[in-house]
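K.L.:
Before anything else, here's the structure in question.
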Amino acid sequence: MKRAAIVGSGIGGIAAAIRLAIKGYEVTVLEANATFGGKMQQFVLDGYRFDAGPSLFTLPHLVDELFTLAGRKPSSYFSYTRLDPITHYFWPDGSRVKAYADPERFAREAEQQLGVPAKTVQQALAKSARLYQGTADTFLHKSLHKVGTYLSPDVLKALGCLSDLGLTTTMHAANQKLFPDPRFVQLLDRFATYNGSDPYQAPGTLNLIPHLEHNIGAFYPKGGIYAIAASLVKLAEELGVTFRYNEPVTRITTAAGAVTGVETSRGIYKAWVVVSNMDVVPTYRKLLPDQPAPDKTLQQARSSSALIFYWGLQKAFPELHLHNIFFSQNYKEEFEHIFQHKTVAPDPTVYVNITSKLEPADAPAGCENWFVMVNVPHNQGQDWPQLIAATRHAVIKKLSTMLGVPLEPLIACEQVLDPLLIEQQTSSFAGALYGSSSNNRMAAFLRHPNFSGRLSGLYFCGGSVHPGGGIPLCLLSAKIVGDMVPETKKA
């Protein structure tokens, strides 16, 4: 049996391990940390459970597909429910909107609360759906670096959408042209943050993203986001995948233009296929120091990062739900601070995720577990202790004002995650959450491919390579790798 080694057990690495095991490989996953999941971790603090990383779950069929491919019933391993409403939005002027799961109901809500014509909202969501359906098979499900992709019939569908994809305008400009209300424009612009980008620079193509939530739906997995990784690791182990924790890979070994395995402090693991789920920058700089690196690709502008406060709140807030967004007064200024000034705006948009709304056991009775996130620049040597303190003060002041309740006295416990810790714990270069940003109309084509053009048998998955970051795209990167790696059979 041919062997495969996976570097890292983030969601992409786990999915790649499953796909290679199904193809007949003997798979070993090498993980630097004490457990699996990458950014998808969980922890308990003074009786409050928190999902430490990703908080939004879309395209659940990509997870189901892994169980189905293995001949298992997905619901025997993990289950999820469709959210309704998806998100509660709050603006500084007191406006509030509930993003309902049904597109028509959401459109009516936008009209009633913001005066945005419901018909225009529905038309925008229908266009987003049409463009996504026309382009996803080409641009997300396949490699953009293989000639065969452009010979597929799917390309014809994609070409038919090109004129409407917004490649020549920005996301913000496209939304502003369609909607006169700045609050609804802000609601749509925020989807740029799903891959760590700036809506004032990113192409209008990113306006496909709302389709995932508002047409397909947003979901919540029972047991929290961490349950996704846990269920897939269980499947992988059933398929014979070996996970080795606290064993960081120090080098990818090569010979004669091909990979031969990976090296750790405990020895060399020979492998015919090596898949790096590690950020592509440290993969080259640390694991392949003697190999020519694609410097132009590695030097692309990085995505934003996150500053997260995990708070145990000694109070329940009935007006909040699982996903809550508290917008800033000046969105353009906020993104200028992140991408141009490399700092945090004094009035940031705040995202609050509260899983105890759906899993009461995640917090003590009458209390809530708040995951409070602000988008921040990736690490470039900023004074993070100062930025954390200033941002914490601004966030507490903002939420206290908008909710009408002093928050500081209600915080029973706290933990903080910043870009420095993100890089330290997950090897995400500079703490950037999504690899390179999409603040370029050609960004999709500039991401590192899912395979090496120099070393046979070397592949890449995860958020720093094509098609991008976030749970669905990481799963798709593993699918692309799985489709590329040839079948093998037992000797």
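K.L.:
Sort through HIS141, HIS211, HIS172, HIS145 and tell me the only one that's at pLDDT below 95 and surrounded by 22 or more Cβ atoms within 10 Å (Cβ to Cβ).
P.N.:
From the options HIS141, HIS211, HIS172, HIS145, the qualifying one is HIS211.
K.L.:
I need every pair where a residue in region 283-304 that is at negative phi and exposed (fewer than 13 other Cβ atoms within 10 Å of the Cβ) has its Cβ under 8 Å from the Cβ of a residue that is part of a loop (DSSP other than H, G, I, E, B) and not aromatic (Phe, Trp, Tyr), sequence separation at least 6 or different chains.
P.N.:
From residues that are at negative phi and exposed (fewer than 13 other Cβ atoms within 10 Å of the Cβ), the pairs are PRO292/ARG454.
K.L.:
Among what's in region 321-347 and is in a loop (DSSP other than H, G, I, E, B) and either in contact with an Asp or Glu (Cβ under 8 Å, 6 or more places away or on another chain) or at pLDDT below 95 (or both), pick the residue that is nearest to MET171 (Cα to Cα).
P.N.:
Only one residue tops the list, namely ASN330.
K.L.:
Quick check: is even one residue across region 60-68 touching a strand residue (DSSP E or B) at 6+ places or on another chain (Cβ under 8 Å), closer than 16 Å to LEU417 by Cα and surrounded by 21 or more Cβ atoms within 10 Å (Cβ to Cβ)?
P.N.:
Checking region 60-68: not a single residue is touching a strand residue (DSSP E or B) at 6+ places or on another chain (Cβ under 8 Å), closer than 16 Å to LEU417 by Cα and surrounded by 21 or more Cβ atoms within 10 Å (Cβ to Cβ).
K.L.:
Name the residues in region 228-269 that are aromatic (Phe, Trp, Tyr) and buried (at least 18 other Cβ atoms within 10 Å of the Cβ), would you?
P.N.:
PHE243, TYR269
K.L.:
Are any of the residues in region 382-392 of a type outside the set (A, V, I, L, M), in contact (Cβ under 8 Å) with a residue 12 or more places away in the chain and touching a strand residue (DSSP E or B) at 6+ places or on another chain (Cβ under 7 Å)?
P.N.:
Yes, the conditions are met somewhere in region 382-392.
K.L.:
Further question: Consider region 281-325. How many of its residues are within 30 Å of PRO364 (Cα to Cα) and either aliphatic (A, V, I, L, M) or more than 20 Å from the chain's Cα centre (by Cα) (or both)?
P.N.:
Going through region 281-325 one residue at a time, the tally reaches 16.
K.L.:
When residues of region 200-211 are filtered for being over 12 Å from LEU131 (Cα atoms) and of a type in the set (A, V, I, L, M), how many remain?
P.N.:
Final tally of qualifying residues: 1.
K.L.:
Shifting gears a bit: Just for region 148-169: of the residues that are among the polar types (S, T, N, Q) and at pLDDT 70 or above, which one is surrounded by the fewest Cβ atoms within 10 Å (Cβ to Cβ)?
P.N.:
Result: THR168.
K.L.:
Being of a type in the set (Phe, Trp, Tyr) and modelled with pLDDT of 95 or more is the filter here, so list the residues in region 175-208 that pass it.
P.N.:
PHE179, PHE184, PHE191, TYR200
K.L.:
Under 6 Å between Cβ atoms, which residue pairs at least 6 apart in sequence (or on different chains) link something in region 352-374 that is touching a residue at least 60 places away in the same chain (Cβ under 8 Å) and in a loop (DSSP other than H, G, I, E, B) with a partner that is of a type in the set (S, T, N, Q) and surrounded by 20 or more Cβ atoms within 10 Å (Cβ to Cβ)?
P.N.:
From residues that are touching a residue at least 60 places away in the same chain (Cβ under 8 Å) and in a loop (DSSP other than H, G, I, E, B), the pairs are ALA363/SER356; ALA363/ASN369.
K.L.:
Could you grab me the full set of residues in region 92-110 that are surrounded by fewer than 21 Cβ atoms within 10 Å (Cβ to Cβ), in contact with a Ser or Thr (Cβ under 9 Å, 6 or more places away or on another chain) and not basic (Lys, Arg)?
P.N.:
Selection gives PRO92 alone.
K.L.:
Between PHE43, PHE57, PHE36, which is within 30 Å of ASN215 (Cα to Cα) and either in contact (Cβ under 8 Å) with a residue 24 or more places away in the chain or touching a strand residue (DSSP E or B) at 6+ places or on another chain (Cβ under 9 Å) (or both)?
P.N.:
Answer to the selection: PHE57.
The values are calculated or read from the model by the stated rules, or taken from the named source; none is laboratory data. Please read these numbers as outputs of a predicted model, since none were measured by experiment. Positions of Cβ are generated from backbone atoms using ideal geometry, with glycine treated the same way; all protein chains shown enter the neighbour counts.
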